[in-house]
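Engineer: Would you mind keeping the following structure in view while I ask a few things?
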Amino acid sequence: MKRLHVWIAGGLLTLCLLPGAASAMGVELSVGGWNQNPSGDVSYKATSGQDNLSIKDDLKYSDENKIFGRIKIETPLLFPNIYLMATPMKFSETGSKNSSFRFGDVTYAANVPFTSELRLDHYDVGFYYGLPALKTVTAGILNVDLGIGARIFDFKTWVTGQDSVSGLTITD
């Protein structure tokens with residue numbers, strides 16, 4: 001991810017240093033809201049169906065309202081336009097399960113509260129060109145962009161609770 005940031009920063013710096021490029025660039029910043037409603041199951045190194053943790057029933061995650069942001073950079077005709085978007089997701093709660101379960105290398109005790117955290121941040125990056133002739137021919141009514149994009153997911157989850165064998169509090 002750091003290489004991507006360095007590459008983008010270097011490209012933007014190069015564009016700004018080109019004669020006349022700064023006057024041909026445009027920047028659009030957007031911020032929005034999103035109601036995140038997590039559902040489903042999560043497990044890590046599950047050995048049976050009993051190791052699946054229900055996001056609603058066992059982990060006790062509820063809806064969250066989060067913000068996301070996007071930046072679009074329109075460049076001179078020779079260079080592709082760029083968009084970057086970041087959407088953070090983070091849930092943490094104290095839950096419980098009426099049976100013991102395995103998460104990673106730890107078996108957690110039944111009917112004992114445990115804490116958990118789930119992060120699923122995703123980032124979008126795209127490079128695209130607008131078709132200027134189409135916009136001109138249609139008097140600005142129709143605009144088509146062609147490009148390529150990628151979505152990068154950063155997923156992490158962990159559980160902290162009482163180990164069913166040793167009785168110690170363990171995180172995995």
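The values are calculated or read from the model by the stated rules, or taken from the named source; none is laboratory data. Remember, predicted model here, so these are calculated numbers, not experimental data. All Cβ positions, glycine included, derive from the backbone under ideal geometry; neighbour counts span all protein chains shown.
Engineer: Inspect segment 127-138 for any residue being touching an Asp or Glu at 6+ places or on another chain (Cβ under 9 Å), under 25 Å from Trp34 (Cα atoms) and surrounded by 16 or more Cβ atoms within 10 Å (Cβ to Cβ) and give the result as yes or no.
Structural biologist: Checked segment 127-138: no residue is touching an Asp or Glu at 6+ places or on another chain (Cβ under 9 Å), under 25 Å from Trp34 (Cα atoms) and surrounded by 16 or more Cβ atoms within 10 Å (Cβ to Cβ).
Engineer: Please find, within segment 95-133, the residue that is nearest to the chain's Cα centre (by Cα) out of those that are more than 25 Å from Tyr61 (Cα to Cα) and of a type outside the set (Gly, Ala, Ser).
Structural biologist: Among residues in segment 95-133 that are more than 25 Å from Tyr61 (Cα to Cα) and of a type outside the set (Gly, Ala, Ser), the one nearest to the chain's Cα centre (by Cα) is Asp124.
Engineer: Still on this structure, I have one more. Say we look at segment 95-126 and pick out the residues that are charged (D, E, K, R) and farther than 24 Å from Asn65 by Cα; which of these is surrounded by the fewest Cβ atoms within 10 Å (Cβ to Cβ)?
Structural biologist: Filtering segment 95-126 for residues that are charged (D, E, K, R) and farther than 24 Å from Asn65 by Cα, the one surrounded by the fewest Cβ atoms within 10 Å (Cβ to Cβ) comes out as Asp105.
Engineer: Please go through segment 145-172 and pick out each residue that is over 23 Å from His122 (Cβ atoms) and either surrounded by 13 or more Cβ atoms within 10 Å (Cβ to Cβ) or in contact with a Ser or Thr (Cβ under 7 Å, 6 or more places away or on another chain) (or both).
Structural biologist: Hits for segment 145-172 are Thr160, Gly161, Gln162, Asp163, Ser164, Val165, Thr169, Ile170, Thr171, Asp172.
Engineer: Residues of segment 37-67 being surrounded by 17 or more Cβ atoms within 10 Å (Cβ to Cβ) and part of a strand (DSSP E or B), which ones?
Structural biologist: Val42, Leu53
Engineer: Can you find a residue in segment 99-120 that is touching a strand residue (DSSP E or B) at 6+ places or on another chain (Cβ under 9 Å) and under 30 Å from Leu131 (Cβ atoms)?
Structural biologist: No: zero hits.
Engineer: Going by the conditions given, is Asp163 of a type in the set (Asp, Glu), at pLDDT below 95 and out of contact with any Gly (no Cβ under 6 Å at 6 or more places or on another chain)? Steps first, answer last, please.
Structural biologist: Details: of a type in the set (Asp, Glu): yes; at pLDDT below 95: yes; out of contact with any Gly (no Cβ under 6 Å at 6 or more places or on another chain): yes.
In short, yes.
Engineer: Let me ask you something else. State which residue pairs qualify: first residue in contact (Cβ under 8 Å) with a residue 24 or more places away in the chain and inside segment 61-79, second residue among the β-branched types (Val, Ile, Thr) and assigned to a loop (DSSP other than H, G, I, E, B) in any location, beta carbons under 9 Å apart, and separation of 6 or more residues or different chains.
Structural biologist: Tyr61/Ile55
Engineer: Here's another thing I want to ask about it. Against the definition (of a type in the set (A, V, I, L, M), at pLDDT 95 or above, closer than 30 Å to Tyr128 by Cα and surrounded by fewer than 16 Cβ atoms within 10 Å (Cβ to Cβ)), how does Ile71 come out, yes or no?
Structural biologist: Taking the combined requirement at face value, the residue satisfies it.
Engineer: Among the residues in segment 85-94, are any surrounded by 15 or more Cβ atoms within 10 Å (Cβ to Cβ), more than 23 Å from Trp34 (Cβ to Cβ), within 24 Å of the chain's Cα centre (by Cα) and among the β-branched types (Val, Ile, Thr)?
Structural biologist: The answer is no; no qualifying residue exists.
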